[in-house]
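Some notes on the structure that comes next.
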Amino acid sequence: MPGNESSLISTENSESRDSIVKSRELDDLKNTFVALVSHELRTPLNLLAGYLDLSIQELEKDPKTAKKYLDIAEENIRKLTQVVQELTDFSRLQRGKEIEYIDPMTVEKAFIQTYNLIKPNLIRKEINLVVDFPDTVRRMEYDGESLLILFKNLLSNAAKFSPANGKVLVLGKILNDYLSITFHDWANPIPENKRETIFEDFRQLENFLTRRYEGMGLGLAVARRTARFLGGNIQLTIREDGNTFEIILPVAASR
């Protein structure tokens, strides 16, 4: 029956084309990953080694200059730590590891820990952080590691893209059966064609070779996946004067 044979061949050809496209996409993703890791690690490692060497040379004859070099080295250690943490969070999710409530943590405690981590970035850019959590929100408990991933990525994202002397507003409230925590920034509104791709792995607003901002492009992807593992989501709303990222988690998932 020639008709059936033709249909079968057509289906096989279509599947073959799909397989080729997927293979190319995986190759592109792999190449992007290698390039990003190399780019993100090479620069701070080189600077770290150079400035540590300079600080040792200046330590006795000029302590102030040595301190300045050590401050630069410390900043590059922070960048390396951030890259490793992003990759660790990504790897955890890629393995499909189920979220276990081994160490439940309150929203308040998780946010304070996150603030202490992001505080140097906020101070450096003189960003005014305003947080308003009612007591009911403060006391809610979720998986601690997951809360830290959510808060760290959204707060650091707001700090990264906000202008100097800007503002970040974080609001928490209960809406029906869901906890809503919104992060309002006054950065440039995200272009329409980037509003979903920024949640994809290794995606950023700018090309990684020419971009102005550091990072692996994993933060928002990992955060949204974490929220979904908890039965919630992360939504993006664009305002005329900035962007609002909203974490939505089911109250029922709270421990």
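Restricting attention to segment 155-190, the residues that are surrounded by 17 or more Cβ atoms within 10 Å (Cβ to Cβ) and in contact with an Asp or Glu (Cβ under 9 Å, 6 or more places away or on another chain) add up to 17.
Screening Ile123 against (1) closer than 24 Å to Asp241 by Cβ; (2) assigned to a helix (DSSP H, G or I); (3) touching a residue at least 24 places away in the same chain (Cβ under 8 Å) leaves a single unmet condition, (3). Listed by first and then second residue, the pairs with beta-carbon distance under 8 Å, at least 6 apart or on different chains, first residue in segment 167-190 and within 20 Å of Glu240 (Cα to Cα) and outside any strand (DSSP E or B), second at pLDDT below 90 and not β-branched (Val, Ile, Thr), are Ala187/Phe161; Asn188/Phe161; Ile190/Leu205. Restricting Arg195, Arg203 to residues that are surrounded by 14 or more Cβ atoms within 10 Å (Cβ to Cβ), touching a strand residue (DSSP E or B) at 6+ places or on another chain (Cβ under 8 Å) and at pLDDT below 95 narrows the list to Arg195.
A single member of Phe245, Phe151, Phe208, Phe229 is at pLDDT 90 or above and over 19 Å from Lys119 (Cα atoms), and it is Phe245. When Ile118, Ile123 are checked against the criterion of being at pLDDT 70 or above and under 16 Å from the mean Cα position of the chain (by Cα), Ile118 stands alone in meeting it. Of all the criteria given as (1) more than 23 Å from Ile198 (Cα to Cα); (2) in contact with a strand residue (DSSP E or B) (Cβ under 8 Å, 6 or more places away or on another chain), the one not satisfied by Asp135 is (2).
The values are calculated or read from the model by the stated rules, or taken from the named source; none is laboratory data. Here the structure is a predicted model, which means the values were calculated and not measured. Glycine gets a Cβ as well: all are built from the backbone with ideal geometry, and neighbour counts include every protein chain shown.
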